[in-house]
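The values are calculated or read from the model by the stated rules, or taken from the named source; none is laboratory data. What you are looking at is a predicted structure, and each value in this text was computed from that prediction instead of being measured. No Cβ is skipped: glycine too gets one built from the backbone with ideal geometry, and neighbour counts run over all protein chains shown. The protein model used for the area step is the full one, side chains on, heavy atoms only, and it has no ligands, DNA or RNA in it. Shrake-Rupley method; radii C 1.70, N 1.55, O 1.52, S 1.80 Å.
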Amino acid sequence: MKKKLFALLLATTLVVSLAGCGKKNETPTNPGTEATNTPATTEAPAEVEDVTLKVWAPENQIKDGTMDSMTKSFQALHPEWNITFTVETQGEDTLKDEILKDVTAAGDVFFFANDQLNELINAGAIARLGGSTEEMVKTTMSQEVVNTVTKDDAIYGIPFTHNTFFMYYDKSLLTADDIKSVESIMAKETADNVYNFCFDSAGGWKLGAWYYGAGLTIYGESQTDFAAGANWNNETGVAVTNYLIDLINNPKTAFADDVSLSELTADHRIGAWFDGSWNYNLYKDALGDDLGVAVIPTFNPDGKDYQLKGFYGSKAIGVNSQAAFPAVAVAFAAYLGSEEMQVQRFEETGQVPTNLTAGESEAVQADEVAKVIVEEANTASVMQPTSAEFSSRYWANAGAIATEIKSGDLNKDNVKEKLDTFVGTLAVE
């Protein structure tokens, strides 16, 4: 199946074309030479091209041999290339910062979080995909997923897993009913040394769920109405922030920056927390059958119940615009993002496939995390903004909201003032 799929891929692709594609072994016919007098020639075997390919991949793709397996199976499918792979560890979350230091020294193929897309495009660091690679993305994934790697109708990446978070909980401490709302989580009676909830801002990534959940926006509903600015400093925003002040300062709330979740889970000392699928195995090893997963809950900051809405995006595979062997780089990126490799990655690392057919496989359908991610994407998420204006302003300032609440610098006496300042940092001139 692999051979058929990727023979087709290479036959119909790529964004880039190989130079010198003419048939090297044809014997030209001289004018006036009789064909009957010309001895038959046998076409020589195709030459094997020596190529190098540097891959930047996150640790969870490397440590258990997943990337090593995929490089070997790709090489086996392509005897026309003698590939020297160099695989280096590079997290998706910091990819942009590292590649922009020196595009020429970066990975030819890399894994990235889709919210970095605009800055990679603006810097000329990521290649536009086309041909059958683009077609693969458009026809094997949902439109919502395709949108995460699209700009101006062009495709720049191959999504391979959903990038969002959901709720984990300890079934020995909380029931399925308890975890439906933050209020019921916090109301549960637990031992003195047990935290009911762990609050994690994640530099603003998880913090946004509270404000977006209450209907607040940055740059309007379109996320690109820069003249609209942010409205987090209105009455609702003040109520949400006051709610977070009470929650973070509650002695039954653990603050993620101050604790070790792995230790708390192993000791059954944390009721509920938010995290992504990439850490599922860590918590499963610690809690076994006591581990529960669910869509993030509702909360009530002003007398109304709001559904928290986490940022939704994708993790994707991109190709360096200055890759030394672009055709090979695109082919390998497409291979890494293919249905078969998404299934393998799910089986080995627990990352839920974006490929629709892979998502319908028996293994994925039987997986509780996959079900929760799909449900959350439909009911409790908002597309993570990807504009350069958002990225350059929000991430540099949002994290301070939680840390200043924790330190006391942001309190109920200065909420409006602090939110006014935050909203001011998001203004686009």
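Checked against the criteria, Glu221 counts as among the charged types (D, E, K, R), more than 21 Å from the chain's Cα centre (by Cα) and modelled with pLDDT under 95. Checked against (1) open to solvent by 20 Å² or more (accessible area, probe 1.4 Å); (2) at pLDDT 90 or above, Gly107 passes all but condition (1). The set of residues in segment 227-241 that are touching a helix residue (DSSP H, G or I) at 6+ places or on another chain (Cβ under 6 Å) and open to solvent by 10 Å² or more (accessible area, probe 1.4 Å) comprises Ala230, Asn233, Val238. Filter segment 249-278 down to the residues that are of a type in the set (Asp, Glu) and surrounded by 18 or more Cβ atoms within 10 Å (Cβ to Cβ) and list them by number. Asp275, the sole residue that qualifies.
Set side by side, the residues Glu98, Glu88, Glu144 differ, and just one is at pLDDT 95 or above, open to solvent by 30 Å² or more (accessible area, probe 1.4 Å) and in a helix (DSSP H, G or I), which is Glu98. Checking Ser381, Ser361, Ser321 one by one, the residue that is of a type in the set (Ser, Thr, Tyr) and closer than 18 Å to Tyr156 by Cβ is Ser321 and no other. Filtering segment 191-226 to residues that are open to solvent by less than 10 Å² (accessible area, probe 1.4 Å), in a helix (DSSP H, G or I), under 15 Å from Phe422 (Cα atoms) and in contact with a helix residue (DSSP H, G or I) (Cβ under 7 Å, 6 or more places away or on another chain) leaves Gly204, Tyr211. The set of residues in segment 405-415 being surrounded by 14 or more Cβ atoms within 10 Å (Cβ to Cβ) and in a helix (DSSP H, G or I) consists of Ile405, Lys406, Val415. Listed by first and then second residue, the pairs linking a residue in segment 354-381 that is at negative phi to a residue that is surrounded by fewer than 18 Cβ atoms within 10 Å (Cβ to Cβ) and part of a loop (DSSP other than H, G, I, E, B), with Cβ atoms under 7 Å apart and 6 or more places separating them unless they lie on different chains, are Leu356/Ser142.
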